[in-house]
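One structure below.
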Amino acid sequence: MDEIIKCDHTGRMSGDERREQILRAAVELFSQHGFKGTTTKQIAAASGVSEAMVFRHFATKDELYGAIIHAKACIDGVNKFPWDGDPVVLKALAEKDDHAFFAGVALAALNKHQEDVAFMRLLFYSALEEHDLAERFFHEFVEQVYEFLGGYIERRQKDGVFRAVDPRIVVRSFLGMLIHHSLNNILWDKNRVILDIPNEEAAKNFADILLRGVSAGNSEAKRK
């Protein structure tokens, strides 16, 4: 909500900029009050526009909810993971450096959770309210995460480095560590009384725990 909105010489926002401001205001309000507890009138007030202007950009509140998912899961029409373009992850993929790969993915995910607390809260609200936003996000983003990480695990199983176990179970275990850690920091233990470590340390330890669990026999996953 603190991003500066650019205006034209008349002092008015462009249509695209106004739309983005409405989206940001909606994310904040939905994350605080849920879908059912947020009105378009509140969104308009927080956006600094009229309620009619909100409906000009989004015909319904459901359409606005859907636009949030598209905006969060896509950049220029392409689905993006937090670790896309990360040189550490790309190098680890090419060299099959398992620890660097999982630690890099973990760090990117943890940083993203920390940077976008409002969206994390919004997703949980949508699940509790049984709104289809959570399911849509799962199909448009989470399924691809499983495919990406599961594909890497399958390749390393074929290399004989990882033991035979359903890759989806490994992915769920890995994501479980990341999400639980973020939820503790975001919702339940904001002062980090139970565990106070930087994301870099958490990522390395989670990667280590995962690899010790999936390494095949006496062989160790590649770690430089």
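Here are some notes:
- Between helix 117-128 and the chain there is an angle of about 90 degrees, using the helix long axis and the longest principal axis of the Cα atoms.
- Among 57-65, 192-200, the order from most to least packed when residues are scored by Cβ within 10 Å on average: 57-65, 192-200
- As a rough guide to protection, the peptides 145-154, 99-108 ranked by mean Cβ packing within 10 Å, highest first, stand as 99-108, 145-154.
- Here each label is just a point 7 Å from Cα along the line to Cβ, and for Lys36 and Lys112 those points are 3.0 nm apart.
- Filter on Lys61/Lys112; Lys112/Lys190; Lys41/Lys112 - keep pairs with C-alpha separation over 20 Å: Lys61/Lys112; Lys41/Lys112
- With contributions of -39500 (n - 2.57) from each DSSP H run of at least four residues, the per-residue ellipticity at 222 nm computed over the chain stands at -20000 deg cm²/dmol.
- Local electrostatic count, Glu51, Cβ distance below 12 Å [Lys/Arg +1, Asp/Glu -1]: +3
- Crossing angle, helix 98-115 versus the chain [Cα axis fit, 0-90 degrees, rounded to tens]: 20
- Translational D in µm²/s for the chain (Stokes-Einstein at 37 °C, 0.692 mPa s, Kirkwood Rh from C-alpha pairs): 169
- Working from Cα pairs under 8 Å separated by at least six residues, relative contact order for region 81-214 is 33 percent.
- Placing one equal scatterer on every Cα of region 128-224 and applying the Debye formula, the log10 ratio I(q)/I(0) at q = 0.11, 0.16, 0.19 Å⁻¹ is -0.43, -0.83, -1.02.
- Under the shape rule built on the C-alpha gyration tensor, where the axes satisfy a ≥ b ≥ c, region 15-74 is rounded, since a/c falls short of 1.5.
- Burial ranking of peptide ranges 82-89, 171-178 (average Cβ count within 10 Å, highest at the top): 171-178, 82-89
- Compared with the dominant Cα axis of the chain, that is its longest principal axis, helix 15-33 is turned about 70°.
Read the figures in this text as sums done on the coordinates, not as results from a lab. What you are looking at is a predicted structure, and each value in this text was computed from that prediction instead of being measured. So basically every Cβ, Gly included, is an ideal-geometry build from the backbone, and we count neighbours across all protein chains shown.
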